[in-house]
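The values are calculated or read from the model by the stated rules, or taken from the named source; none is laboratory data. All figures in this text were calculated on a predicted structure; none of them were measured in a lab. Note: ideal-geometry Cβ built from the backbone for every residue, glycine included; neighbour counts use all protein chains shown. With ligands, DNA and RNA removed, areas are computed over all heavy atoms of the protein, side chains included. Shrake-Rupley method; radii C 1.70, N 1.55, O 1.52, S 1.80 Å.
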Amino acid sequence: MDQETALDLVKRGATLLLLDVPQYTLIGIDTQIFTAGPAFKGIKMIPPGPHFLYYSSSSRDGKEFSPFIGFFVDAGPSEVIVRRWVHQEERLVKIVEDEEERFSQAVKSLEFDRHLGPYNLNQYGEWKRLSSYVTKHVIDRIEPIGGEITIESEAGITKGIPKTATEKALDEQLRNSKCSVDASVDKSKKRGCYYTSIPYVIKHRGMERAELTSLNLDKTELLERILVKDYEGSEDLLLGELQFSYIAFVMAQSLEAFFQWKSLVSLLLGCTEAPFRTRSQLFTKFIKVMYYQLKFGLQKDRAENNGAGVGVPTLLDESWFSADSFLHRLCKDFFLLVQEAPVVDGDLLTWTRKLKELLETSLGWEFQQNSATDGIYFENDDEYAPVVVMLDDNSYNEGQAN
């Protein structure tokens with residue numbers, strides 16, 4: 001790019017100024033990640049809008065790393081976001097307002113320009129597809145007190161949430177890796193995100209077993225209640241939370257975020273009437289969101305060409321997406337549902353086929369129905385159990401583990 005165009009992008013874009021960051025610290029923004037060198041002081045040319053910033057402190061030799069800490073920001077045009085590294089806490093923190101104004105003016109005068117790495121605009125389209133429904137309103141609704149998302153804050157938050165064998169292995173992998181949580185961290189002072197409660201099992205008092213089975217096989221009624229009660233009737237708010245939780249899981253390695261993503265995916269893929277009668281547009285958007293999430297997460301060798309030599313810390317690989325996972329079972333049932341529906345929205349059909357092809361190509365999954373019992377949920381099958389709890393009409397979301 002010519003110098004005049006680059007200068008214009010520097011002035012119009014937002015800047016992330018990071019002061020006193022130790023060498024070897026991993027600094028990520030969206031789908032890009034940097035390794036801090038001795039001259040590194042931040043990132044410039046950031047397009048206006050929502051972004052996710054995340055970082056991991058390093059040992060002195062750059063071989064050991066702490067758990068990632070991440071937070072969302074809604075960057076305005078030409079805005080300068082300033083954070084300073086506190087060595088005692090190994091964290092980036094906000095600075096006082098007067099000091100921030102002084103540094104902001106220095107950035108706009110290009111005093112720090114040679115110390116700032118450029119945002120890779122070639123990857124911006126990928127980020128936009130992952131965050132298309134994440135708005136300032138979505139961030140404000142969900143982000144934790146203080147804004148920081150990290151597995152350090154999650155001791156006890158995910159306790160009691162049903163886990164499959166693969167999810168337990170993922171939990172163990174995170175907690176025992178070199179990014180494991182320091183036992184000295186004071187977890188009592190941490191808070192989690194304010195995710196929407198998605199109940200596990202529908203249980204109406206006095207209802208016959210056959211009726212309960214039928215109700216649990218189609219989550220359309222529950223979806224409608226949750227949209228009205230928790231999302232102000234907005235489909236885009238629900239999709240925004242789906243994207244928020246995915247980003248927090250993949251980039252900040254948050255287990256709490258993974259379980260929320262799983263709950264929302266299970267809710268939507270568990271609907272049999274809504275995709276074809278009442279919420280075709282929602283399901284078209286949902287399948288499109290899932291397609292781009294899984295396409296990103298299943299990429300291999302994501303080492304970025306920005307000097308870092310490392311890629312985004314994605315955890316979505318073949319070993320995690322085993323053929324006995326909840327996602328394989330739910331997708332198998334949903335694909336069959338779309339295939340056998342007498343009338344299907346054209347866009348929904350197109351994106352469902354794209355998602356199916358992606359999973360077949362990337363993971364080798366097969367979606368042939370092998371027996372008459374495929375697609376049926378069994379009461380004792382924990383992994384595929386319905387994800388709703390309904391004790392009465394006014395307490396349908398009781399029983400959620402947070």
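Some points to look at:
- Over the stretch 73-157, the fraction of Cα-Cα pairs per 5 Å bin, rounded to whole percents and listed from the shortest bin up, is 3, 9, 13, 20, 20, 20, 11, 3, 1, 0.
- Charge dipole magnitude, Cβ of K and R +1, D and E -1 - the stretch 1-122, Cα centre, debye nearest 20: 220
- Gain on full stretching of the segment that runs from T272 to R91 - 0.36 nm per residue minus C-alpha separation: 60.6 nm
- Sequence-separation-based contact order of the stretch 23-166, relative, with Cα cut under 8 Å and 6+ spacing, percent: 26
- Solvent-accessible surface (1.4 angstrom probe) belonging to D236, in square angstrom, nearest 10: 70
- Most to least accessible of R83, R114 (protein chains only, probe 1.4 Å): R114, R83
- For the stretch 227-283, fraction of C-alpha pairs farther apart than 14 Å, in %: 59
- Compared with the direct C-alpha span, the chain from D113 to T350 gains 80.8 nm at full extension, assuming 0.36 nm per residue.
- Theoretical FRET efficiency, 1/(1+(r/R0)^6), r = Cβ-Cβ of E64 and Q23, R0 22 Å, to 0.05: 0.95
- With a cut-off of 13 Å between beta carbons, the residues surrounding Y133 carry a summed charge of +3, where Lys and Arg count +1 and Asp and Glu -1.
- Zone of D98's modelled label, taken as backbone nitrogen in the stretch 13-35 under 17 Å from a point 7 Å along Cα→Cβ: none
- On the principal axes of its alpha-carbon atoms, the stretch 1-115 has extents of 40, 34, 26 Å, going from largest to smallest.
- Euclidean distance of C-alpha centroids, the stretch 329-361 and the stretch 85-156, integer Å: 37
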